[in-house]
There are 2 protein chains.
Amino acid sequence: MKITATRQKILDSAVLLVSEKGYLGATTREIAKKAGVTELTLFRHFGTKEKLFGSIMGSNSFLPALREILPDLEEMSYAEALEMLGTRFLLSLKERKPFVKIMQSEMTRYPAEMRRVYGHFMDDMLGTLALYFESLQRKGQLRDFSPTMASRMFMGMLFSYFRTEEIMRNVDITRGKRMNKAVAEFVDIFVHGTLPRTNGTVRRKRS
Amino acid sequence: MKITATRQKILDSAVLLVSEKGYLGATTREIAKKAGVTELTLFRHFGTKEKLFGSIMGSNSFLPALREILPDLEEMSYAEALEMLGTRFLLSLKERKPFVKIMQSEMTRYPAEMRRVYGHFMDDMLGTLALYFESLQRKGQLRDFSPTMASRMFMGMLFSYFRTEEIMRNVDITRGKRMNKAVAEFVDIFVHGTLPRTNGTVRRKRS
DNA sequence: ATGTAATGTAAGTACCTACTTACATTTTGA
DNA sequence: TCAAAATGTAAGTAGGTACTTACATTACAT
């Protein structure tokens, strides 16, 4: 067995087990067993459980996904762009589900590692989305609102949806059309709001 | 020391420690020490670490908060009602921050306990919000959309905001006006959307 | 084919954990 | 005041953990 293959098998087992049982709950013995190697081999490769955990964080990056998600925004309509962004964002979360679980669970206890990976991804994503909003605002195609907060709102509702369905309820969001329906519904409200379209502005009238 | 007082001190210490270090990371010794009692006292009260954890889940309920949040929705305008709901929801999350952290971390590993508490709260909250949307839709004050998905969207974006600020970045959302600003921004987009108000419907036109 | 790098076997170390037992001390309530 | 209830002290159990050491075996490249 090639050294890199062994390394990878250990890393994969570790990701799965840690995502299920947490950092403390996933023992080196069990990780090694799941990887089909001896515990000693694990330690020869990574030296320490802590270092193994660090390798997980280092090897599992969100960043490549971002580049896949972002292109061609200019070529499609506003709602189409948001739907595509939302869908791809959810799919990239789904692909990295065990990793998302780990971050969710160990966030509080290992903030440095987490922030480096997750924070980077989120900042990039939010920043790019905000820039997109800004450019449309400058063209007059969107009204005036905070691009930053709008980005956080958009990503936040998608992330919560993912969290509720996949992590809490353990539902596969890619089955059927539920994900597409949800994204379409979210985007529709995000674009058009919840007020009737024919009505004028009813807002800011007390009782 | 009254028996109930001791019990409560142990429960409080346990909540804090478990929220910081997780269920496995919080040892009974440390919990007892933080509560100012002996480890033996802890076991005399709760018998088992697992039972202690169960008591945490049982004692710390979200439900009372719901009753505080929900009244008087009919008396105020749509946007006002949403802002109030959003603000009180965030404040009730903030009050239970350690508990929210625990659920966030241990969700995957202790699904039964979690779902009982968190699920109840969320279902109640989402259900009530959905009913509110529906009633306004019937009055013609809101356009046609899925009340359920809209509720999830609304709560989801607020929860993500809380998660990012308070749990990840450890920022106090109640300081200054940042929370009110954020809620106002979210509600504004949720109510009016992101399209310009003067423009007609540009939607569903390809390129 | 053979030397080297990678892995396995087996035994063990030092430490920590949840939890227990026996007995002494304090606190509380009537 | 005084018995009962609650807590403390001290020592220990059984099991698990990350990690180590010494030595044997396999796989691979030249």
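A short reminder: the numbers here are calculations on the coordinates, not readings from a lab. Note that the structure is a prediction, hence the values are computed from the model and not measured. Methodologically, a virtual Cβ is constructed for each residue, glycine included, from the backbone with ideal geometry; neighbour enumeration extends over all protein chains shown.
Mean partner shielding of peptide B:156-169, defined as the number of other chain Cβ atoms within 10 Å of each residue Cβ, is 6.
Taken along the Cα-to-beta-carbon direction at a fixed 7 Å, the label points for B:D124 and B:S146 span 2.5 nm. Annotation: aspartates and glutamates with alpha-carbon distance below 17 angstrom to A:K139 (same-chain offsets under eight excluded): A:E74, A:E75. Position A:S146: other-copy label points at 2.9 nm, ordered by increasing distance, label point 7 Å along Cα→C-beta. For the protein assembly as shown, the square roots a ≥ b ≥ c of the C-alpha gyration tensor eigenvalues yield an a/c of 1.5 or more together with a/b not exceeding b/c, which makes the shape oblate. Size descriptors for region A:63-192, from the alpha-carbon set: Rg then Dmax equal 15.0, 45 Å. Between 0 and 90 degrees, the angle of helix B:120-138 with respect to the longest Cα principal axis of chain B falls at about 20 degrees. Shielding of peptide A:174-184 by partners, expressed as the average count of other chain Cβ atoms within 10 Å per residue Cβ, is 1. Take each residue in A:144-155, count the other chain C-beta atoms within 10 Å of its C-beta, and the mean is 5. Summary for A:A112: label point 7 Å along Cα→Cβ; distances to the equivalent points in the other copies, ascending, 3.9 nm. Going from the residue with the fewest nearby Cβ atoms within 10 Å to the one with the most, B:R175, B:R152 rank B:R175, B:R152.
Here the Karplus relation 6.51 cos²θ - 1.76 cosθ + 1.60, evaluated at θ = phi - 60°, turns the backbone of region B:177-189 into coupling constants of 10, 4, 5, 4, 4, 4, 4, 4, 5, 4, 4, 4, 5 Hz, with x for every Gly and Pro.
Applying the Kirkwood pairwise sum to the alpha-carbon positions of region B:3-56 produces a hydrodynamic radius of 10.5 angstrom.
Placing a label point 7 Å from Cα along the Cα-to-Cβ direction at B:R29 gives distances to the equivalent points in the other copies of 2.0 nm, listed shortest first.
Karplus-derived 3J(HN,Hα) values for region B:78-90, using 6.51 cos²θ - 1.76 cosθ + 1.60 with θ = phi - 60°, are 3, 4, 4, 4, 5, 5, 5, 4, x, 4, 5, 4, 4 Hz; glycine and proline are entered as x. Taking other C-beta atoms within 10 angstrom as a stand-in for reagent exposure, B:I167, A:I102, B:I10 fall in the order B:I167, B:I10, A:I102, fewest first.
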